[in-house]
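Everything on this sheet refers to the single structure shown next.
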Amino acid sequence: MNRTILAVSMLVLALAADPARAQSSDPASRQPGGAHDVKSGTGTGIVQKIDSNKGTVTIKHGPLPALDMPGMTMTYPVKDKAQLAGLKPLQKVEFDLGYDGKNFLIIQIK
Amino acid sequence: MSNRDRMTRFTRRRFLGGVGALGLAGLARLAPADEGHGGARAAAKAALEIEQAAADFVNPLRLPGASGLWGVLKATEVREIRVRRTELAVLPGLASPFWAYAVESGAKRFLNPTLVARRGDEVRVRMANELDQPTIIHWHGLANDDRNDGTGIYVAAPSETYDYGFTVRDRASMYWYHPHPLHITAPQTYRGLAGLFFVADDDEEALRRALGLELGVTEIPLVLQDKSFDHEGRLEYDVPREAMFHGFFGEEILVNLTARPAFTAARRIYRFRLLNGSNARNYRLAFLQGGRRLGFYLIGTDGGLLDAPKRVDQAFLTPAQRLDVLLDLREAREGRPVVLATLGFDPMHNEGAMETGVPKAAAASGGGHEGHAGGAMDGEGKPILRIDVEPTSGYAKKIPAKLSRLPAPPPAGGKPRRIVLAHDGKGNWTINGWQFEMNATPLTVRRGARETWLIENSRASMPHPMHIHGFQFRVLERRGTPAQVRVLGTDSNGLLPQDRGLLDTVLAWPGESVRIALDFTHPFPGDQTYMFHCHNLEHEDLGMMIQYGVKA
């Protein structure tokens, strides 16, 4: 196993324990908090993975200009886990994403 | 935070998010391919994780039917194949631009038809190029004269046609057809151009009768291709020059152009005809159930049936190669799906980024073995197809002990011809130091000659699936085979199970030497010029290909 694969594998190990680690640990604390500096944007993308237990969805999405975000593949927590029930992998979705300067949160997804 | 800082951060997040998205299936990448030293428990755990990842495989597997995509047609009845851009919902409900071989026959329309022929049939077909770039069809594995082979030397320009006329002379097997224009084969194949070509003979028909096999029902072609999609669900192929050095590795492994596919099967013997139609990805295939690998029978290779079935529980499959296997689902337990998977292995991208001429950043990002963000790494354990087994009974057929008469390998003819695979330190892969040149034929053999070639892949290299046009061959010996592959060896010469049959493509791993036997006998008059190349299609497009002459 070469060094690059080892490094990636270790990341996989670390992140598989918590795919949303790149953001924060507790979905309840990820509410874009405070009245100031909360931005939101609407994006479209393809669902890659749904984790109902963690309340997250991984989406390959296009740019979100309102958040100054390029297109990317990313795992996000959703505000209401019930919204995950109707989603399927590889489905096209539209979603509203909030950002409070620290954390992202999907406000709505369909 | 400046825009630039923010972008840098997002790029890093994109990478992390992509790796995170691998989840449990990503963990399976860590499973040792060689299960020595107590690795069996880890292998079982990895297998269970792959099976678990197949839980959301619900899309019905696309199968060859009476028309449409993969529809079955007699090769002798096809008059014209139009090569064109069209649309196809590769992901369910999401239209994507798609390039296809389109045929109309008997008021039916076909895309990438599954052509069926019998040995001895005459094929007369016109290819009409409706693309805006040159193309040509290569009949992969069929031994034709160079004009009918589709080498890329002859092409049809846009709006032009090309007429083929050949006799099907080869053993019964599943061959395939795909584009072969110089330097643009990879994108054309990736965008959809590929179809199957079945040849039948008496042995083949006897086997189908003995097991009650029916194409598309109990004899199932499985075309494995990895693809990426943009955020609208359209096929995406964005491979810069630097990434071509590694080849394309897509986000999803499709089967018959079905993403996350499922297939419902009865408890009986199924025949799966597997083609690795990927541009660059190798697969380590196994059928999993409950954390264990089910045994299956290898019965044929690129060039048709083996003489007898060989029971195995895994096999590597390299781009362009085929495997013909029987899976007896009476051996499976009820109430739990069987999952066709690719098991984790070291993909051995051992080229050494510092010495290749490819910038390190390019070697370690999109298109490299890590794949695109969110995608499947090369060598990563992943589910491919979920097979739901129905509780049926009443099937009592047995696999025949004898399948066919496989010709013995041609006797070795003198000193082997050395073929060295390497890179030049400038981002190019080479064959004996050669790169493709339109007007060069650096290797010539005599018609009727029996030769041994020693294909030596350098240590600082990648796996190279080497394909020869015009002739099939036998593997005589493997040396320097990496441990993860060597454990599958069947004899003291290191032959893998599929090395026991006729091949047109053979994988040479980094550091490995593969000795093959070729018989350059053919019926075609005059001198012929064919191709010998790496079937990692990005490598081929970069010039890891030579012309070789067969002197009359």
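The table that follows gives values for the structure above.
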item: Whichever aspartates and glutamates have a C-alpha closer than 20 Å to that of residue B:397, once near sequence neighbours (fewer than 8 apart) are set aside; result: B:202, B:203, B:204, B:205, B:214, B:219, B:307, B:324, B:328, B:331, B:334
item: Percent antiparallel among DSSP beta bridges (both partners in chain B, rounded to 5); result: 75
item: Table column - 3J(HN,Hα) (Hz), the range A:88-95, Karplus curve with 6.51, -1.76, 1.60, x for Gly and Pro; result: 10, x, 6, 7, 7, 10, 10, 9
item: Structure-based [θ]222 nm, the protein assembly as shown - -39500 (n - 2.57) summed over DSSP H runs of at least 4, per residue, nearest 500; result: -4000 deg cm²/dmol
item: Length gained when the stretch residue A:110-residue A:81 is fully extended (0.36 nm per residue, less Cα-Cα span); result: 9.2 nm
item: Extension gain (nm, one decimal) between residue B:398 and residue B:435, 0.36 nm per residue minus Cα-Cα; result: 8.3 nm
item: Extension gain from residue B:336 to residue B:232, taking 0.36 nm per residue of separation minus the Cα-Cα distance; result: 34.1 nm
item: Cα→Cβ-extended label distance, 7 Å offset, between residue A:51 and residue B:48, nm; result: 1.9
item: Two-site label geometry, residue B:388 and residue B:84: point separation in nm, points 7 Å out along Cα→Cβ; result: 3.6
item: FRET efficiency estimate (nearest 0.05) - Cβ-Cβ, residue B:124 to residue B:522, R0 30 angstrom; result: 0.90
item: 30 Å Cα-Cα reach of residue B:402 towards lysines, excluding residues that sit fewer than 8 places from it in its own chain; result: B:74, B:310
item: Neighbouring partner chain Cβ atoms per residue of A:67-76, average, 10 Å criterion; result: 6
item: Mean separation of Cα contacts under 8 Å (6+ apart) over length of chain B, as relative contact order %; result: 16
item: Calculated FRET efficiency for the pair residue B:169/residue B:459, C-beta based, R₀ 56 Å, to 0.05; result: 0.90
item: Estimated FRET transfer efficiency when R0 is 41 angstrom, pair residue B:214-residue B:292 (beta carbons, to 0.05); result: 0.90
item: Inter-site label distance for residue B:104 and residue B:446 at 7 Å from Cα along Cβ, in nm; result: 5.3
item: Partners for residue B:426 among lysines (Cα-Cα distance below 27 Å; same-chain residues under 8 apart left out); result: B:360
item: Mean separation of Cα contacts under 8 Å, 6 or more apart, over the residue count of the range A:41-101: relative contact order %; result: 42
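Any read-out appearing in this document is the output of simple, stated calculations on the displayed coordinates, not a laboratory observation. As the structure is a prediction and not an experimental result, all values here were calculated from the model. A quick note on method: Cβ atoms are made from the backbone with ideal geometry, for glycine too, and the neighbour counts reach across all protein chains shown.
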